[in-house]
Amino acid sequence: MTASSPSRVYLLRHAKAAWAAPGERDFDRGLNEAGFAEAEVIADLAADRRYRPEVLLSSTAVRCRQTTEAWQRAFNEGIDIFYVDEMYNARSETYLSLVAAQTEAQSVMLVGHNPTMEATLEAMIGEDLLHAALPSGFPTSGLAVLDHDGGASNGRDRWRLVDFLAPGK
């Protein structure tokens, strides 16, 4: 991480999606009714805590776009939103590279998919801390808030999980 890389990262797993209809591609699955509610609750809770990313990068999958729309409504002001095709079916290395590439922003949010979200969080804080914080895994609409912890260890940036929001938590 360079001095101009983000000091805060938000990792948001998309809200609960509907099952695919017959013949529907996974990419095209939208949120179900509970998912729309989850997305609104988490976005409003984050806004109340003043968790506002400067840049939001979202997968182009329908369920991620719909989750992102809740953030647009909650903040009712300009957040730079970019939809990134490569985030769908990506590995954690892709998500980490996207964070590192944000040299103009102090905070960035990724809206994406599991298991990539969980793997990205693990890469940032380590396996032990991941399992302590999320013993049941990374839930839909889960929001991890991470701050850069200064420096690097074993060639990797050090991050600290400062909060984790989830519906009903």
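The values are calculated or read from the model by the stated rules, or taken from the named source; none is laboratory data. Bear in mind the structure is a predicted one, so any value in this text is a computation, not a measurement. Cβ atoms come from the backbone with ideal geometry, glycine included; neighbour counts cover every protein chain shown. To get the accessible areas, we keep the full protein, side chains included, count just its heavy atoms, and leave off ligands, DNA and RNA. Shrake-Rupley method; radii C 1.70, N 1.55, O 1.52, S 1.80 Å.
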Pop the C-beta distance of residue 106 and residue 127 into the FRET formula with R0 = 22 Å and round what comes out to the nearest 0.05.
0.20
In sequence order, calculated HN-Hα J values of segment 19-29 (Karplus, 6.51, -1.76, 1.60; Hz; x Gly/Pro)
5, 5, 6, x, x, 7, 6, 4, 4, 8, 5
Karplus ³J(HN,Hα) for segment 129-142 (6.51 cos²θ - 1.76 cosθ + 1.60, θ = phi - 60°; Hz, whole; x = Gly/Pro) runs 5, 4, 5, 5, 7, 10, x, 9, x, 8, x, 4, 6, x
Using the alpha-carbon centroid of each, what span in Å lies between segment 80-130 and segment 9-45?
18 Å
If R0 = 30 Å, then residue 86 and residue 19, at their Cβ-Cβ distance, give a FRET efficiency to the nearest 0.05 of 0.75
Compute the long axis of helix 33-48 from its Cα atoms, compare it with the longest principal axis of the Cα atoms of the chain, and write down the angle in degrees, 0 to 90, nearest 10.
40 degrees
For segment 76-169: rounded, prolate or oblate by the Cα gyration tensor [a/c cutoff 1.5]
rounded
Quick one: Kirkwood hydrodynamic radius for the chain, alpha-carbon pairs, angstrom, one decimal?
15.9 Å
For residue 158 and residue 34, calculate 0.36 nm times their separation in residues minus their Cα-Cα distance, and state this gained length in nm to one decimal.
41.2 nm
Segment 1-99: C-alpha gyration tensor shape, a/c 1.5 cut-off, then a/b vs b/c
oblate
Taking a 1.4 Å probe, which of 71, 159 shows the most accessible area, and what order do the others take after it?
159, 71
